[in-house]
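The values are calculated or read from the model by the stated rules, or taken from the named source; none is laboratory data. Keep in mind that what you see is a predicted model, and the values were worked out from it rather than measured. Here Cβ is always computed from backbone atoms with ideal geometry, including for glycine, and neighbour counts include all displayed protein chains. We work out accessible area using only protein heavy atoms, side chains counted, and drop any ligands, DNA or RNA first. Shrake-Rupley method; radii C 1.70, N 1.55, O 1.52, S 1.80 Å.
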Amino acid sequence: MSFGTIFVTIVFVAILIFSSYLLATSTIFTMNTLSQSFKKANDMQNGKLKTEIEIVNVSVSDAQNITVVINNTGKTKILNDDFKYIDVFVYYDIVGAAEGYTFKWIPYTETYPPENDHWTVVSISPDSVNPRNFDPDEQMKIWIRVLPRIESGTTGWIEVVTPNGISASSYFYA
């Protein structure tokens, strides 16, 4: 065997070993990434299964202020820092507008009283375990201020959606 053939064989074996190493490394990295993604997706789905809320009462005052009482009937707590991720939607008839219904997304604010077209937490009870967090078996009262005003004698609708997408809705009467 000549030196050239031996050299080419050694280079070929080296390239083959290096390629096998790269393939194995990238496969392990990909499997690790997929495994973490599946675990994260599973945790999110598990959180959704354990989350449940219920609207107990909705009342309207001054044709502009809506008070909503929500029970956390699930097993998942909603942290105070996550209140900004709770979505509130309101559908109602506008004062003085012929067939003037409006549908709004109402963002969260920490300001008390809330500005127009915002909502804030009034109280959480009982709130002795994790203060200012909405824990299981607790009741949260929120205050929503809307503008334009709600036509009296009409029916409206409200929906509250948790940060992980679980919702509760209810009709209200103005």
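Is the range 22-114 rounded, prolate or oblate when judged by the Cα gyration tensor, a ≥ b ≥ c being the square roots of its eigenvalues, rounded requiring a/c under 1.5 and prolate requiring a/b larger than b/c? Here the range 22-114 falls in the prolate category.
For Thr154 and Tyr173, the difference between the fully extended length at 0.36 nm per residue and the C-alpha to C-alpha distance is 6.3 nm. With R₀ set to 30 Å, the beta-carbon distance separating Ala14 from Ser37 gives a calculated FRET efficiency near 0.30. Helix-only arithmetic for the chain: the sum of -39500 (n - 2.57) across DSSP H runs with n ≥ 4, divided by the residue total, places the mean residue ellipticity at 222 nm at -10500 deg cm²/dmol. Mind giving me the FRET efficiency for Ala63 and Asp127? R0 is 25 Å, r the Cβ-Cβ distance, nearest 0.05 is fine. E(calc), rounded to 0.05, equals 0.25. Kirkwood hydrodynamic radius of the chain, from the reciprocal of the average inverse Cα-Cα distance over all distinct pairs: 19.8 Å.
Once both labels are positioned 7 Å from their Cα atoms along Cα-to-Cβ, the gap between Asp81 and Ile6 label points is 6.5 nm. A 1.4 Å probe run over the protein chains yields, for the range 1-150, 65 Å² of accessible area per residue, whole-number rounding. Building the convex hull from the alpha-carbon atoms of the range 118-174 and averaging its projection over directions returns 4.9 nm². Between the helical axis of 3-50 and the longest alpha-carbon principal axis of the chain there is an angle of about 20 degrees. With a simple spin-label model that places each label point 7 Å from the Cα along the Cα-to-Cβ direction, the separation between Phe103 and Asn116 comes to 2.3 nm.
One equal scatterer on each Cα of the range 48-101, no solvent, Debye formula: the resulting log10 I(q)/I(0) at q = 0.17, 0.20, 0.21 Å⁻¹ is -0.74, -0.89, -0.94. Just the protein heavy atoms count here, and of the accessible area of the range 1-141 at 1.4 Å, carbon and sulfur take up 62 percent. For the range 1-57, the fraction of C-alpha pairs more than 17 angstrom apart is 66%.
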